[in-house]
Amino acid sequence: MQTENTFHEALGLSRRDFVKFCAGVAATLGLPASAAFNIAHAVTNPRRPPVIWLSAQECTGCTESLLRSQHPALDTLILDLISLDYHEALSVPAGHLAEEAKHQSMQENKGKYLLVVDGSIPTKDNGIYCKVANKTILEHLHEGAKDAAAIVAIGSCAAWGGIPSSGPNPTDAKPVSAIIKDKPIVNIPGCPPNPYNFLSTVIYFVTFGKLPELDEKGRPKFAYGRLIHENCERRPHFDAGRFASEFGDAGHRQGWCLYKLGCKGPETFANCPAILFDDAGPGSWPVGTGHPCFGCTEQGVGFTKAIHQQAEVKHVTPPATYASVYEPEGKGASPAAAALAGGVVGAAVGAGAVVLNILSRAKKQKQAEAEAKAAQQQTLQE
């Protein structure tokens with residue numbers, strides 16, 4: 001039986017750090033500190049929610065990004081937080097055995113399992129352009145959705161239709177929400193989406209038995225409640241009228257705003273600058289590398305507008321606080337800036353991400369110390 005002690009030991013954390021971990025998750029979700037106790041109880045509950053994961057027209061990028069998450073890591077997610085009963089890339093059984101495991105789980109957990117879908121759904125010619133186990137993914141979707149408690153459409157392909165639905169859309173690819181109308185659906189767009197937006201949504205569902213508060217496009221507000229433009233490290237340059245006009249010019253080299261190069265941050269809702277991406281470092285999102293945001297999380301922007309087409313600026317009001325104009329390129333918004341600018345939705349998303357990153361570094365440091373000690377003991381024995 002999974003207990004709180006064995007769970008935080010599996011994470012490589014002390015009990016104190018485990019509580020901080022839960023508090024960080026609560027902050028990321030925009031929940032009060034008291035919710036950390038609910039989260040701690042939920043993630044240590046031995047009754048893990050079953051998850052069925054379907055892959056449609058996709059590139060496996062959503063799974064690949066999830067594989068690189070660290071708080072919690074994928075093994076903790078699928079072995080301790082949830083029961084991943086079917087996933088084409090991660091399931092232990094293969095072929096007919098994998099299909100049998102999926103159907104057995106759906107039968108035993110009617111009305112209780114979470115259905116995750118990545119990739120768009122081809123509908124032309126009865127969906128023949130994407131088949132698994134000699135059945136179209138369209139059939140798999142209807143079958144899996146029938147007894148699901150809720151559906152998570154992960155990635156822009158599942159949420160909006162993504163690349164496969166871009167013109168001329170030869171397979172008539174559609175998002176999950178255009179096909180399934182009788183189930184609660186949460187969209188986690190991105191190409192690929194930030195895995196922590198998915199993980200936080202799953203933890204919320206595990207804790208409260210329901211989906212988090214969603215916006216009008218079905219996205220969780222804690223992650224997609226504010227424009228990228230509001231928390232962007234280059235926002236002060238935008239307000240001061242300092243723009244890069246060409247790649248490699250003086251403004252570009254100094255980290256000035258990329259609006260004139262086609263940055264879609266002013267019309268794209270996401271928390272990219274607040275939590276960055278996985279643990280790959282500060283240059284892990286387009287703006288951090290000196291390239292304009294291309295709006296992958298926004299319907300009608302990513303994969304629709306030309307990459308270097310200038311964005312429609314939705315909000316021009318300056319944020320509550322700014323990132324320093326002297327910050328190194330790719331650093332992202334400071335925790336204070338992210339927390340204050342996110343005051344309406346997900347107030348402490350920046351602070352929550354920082355807590356989780358600190359815990360991740362502490363875990364790695366402990367592992368390094370343990371390995372060094374083991375090597376030293378080995379040398380002494382020899």
Options Arg253, Arg242; residue that is surrounded by 14 or more Cβ atoms within 10 Å (Cβ to Cβ), more than 30 Å from Gly111 (Cα to Cα) and assigned by TED's automatic domain parsing to the domain that holds Glu298: Arg242
Restricting attention to region 176-189, does a residue exist that is surrounded by 23 or more Cβ atoms within 10 Å (Cβ to Cβ), of a type outside the set (Gly, Ala, Ser), closer than 22 Å to Lys264 by Cα and more than 13 Å from the chain's Cα centre (by Cα)? no
Determine if region 246-261 includes at least one residue that is under 30 Å from Leu67 (Cα atoms) and part of a loop (DSSP other than H, G, I, E, B). no
I want to confirm something. Restricting to region 204-248 and keeping residues that are touching a Leu at 6+ places or on another chain (Cβ under 7 Å) and of a type outside the set (Phe, Trp, Tyr), which single residue is nearest to Ala40 (Cα to Cα)? Val206
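I'm trying to understand the selection: among the residues of region 196-245, which are assigned to a helix (DSSP H, G or I) and among the hydrophobic types (A, V, I, L, M, F, W, C)? Write out each step before concluding.
First pass over region 196-245, keeping only residues assigned to a helix (DSSP H, G or I): 196-208, 221-224, 228-231, 235-240.
Listed by number, the residues that qualify are Phe198, Leu199, Val202, Ile203, Phe205, Val206, Phe208, Phe222, Ala223, Ile228, Phe238, Ala240.
Of the residues that sit in region 187-231 and are among the polar types (S, T, N, Q), assigned by TED's automatic domain parsing to the domain that holds Gly155 and in contact (Cβ under 8 Å) with a residue 60 or more places away in the chain, which one is farthest from Cys257 (Cα to Cα)?
Taking region 187-231 first, the residues among the polar types (S, T, N, Q) are 187, 194, 197, 200-201, 207, 231.
Add one more test, that the residue is assigned by TED's automatic domain parsing to the domain that holds Gly155, and what stays is 187, 194, 197, 200-201, 207.
Now restrict to residues that are in contact (Cβ under 8 Å) with a residue 60 or more places away in the chain: 194, 197, 200, 207.
Values: Asn194: 23, Asn197: 26, Ser200: 30, Thr207: 40 Å.
Checked region 187-231; the qualifying residue farthest from Cys257 (Cα to Cα) is Thr207.
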Only residues that are in a loop (DSSP other than H, G, I, E, B) and touching a residue at least 60 places away in the same chain (Cβ under 8 Å): list them for region 162-182, please. Gly162, Ser166, Thr171
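The values are calculated or read from the model by the stated rules, or taken from the named source; none is laboratory data. The model shown is predicted, which means the values in this text are computed figures rather than measured ones. A quick note on method: Cβ atoms are made from the backbone with ideal geometry, for glycine too, and the neighbour counts reach across all protein chains shown.
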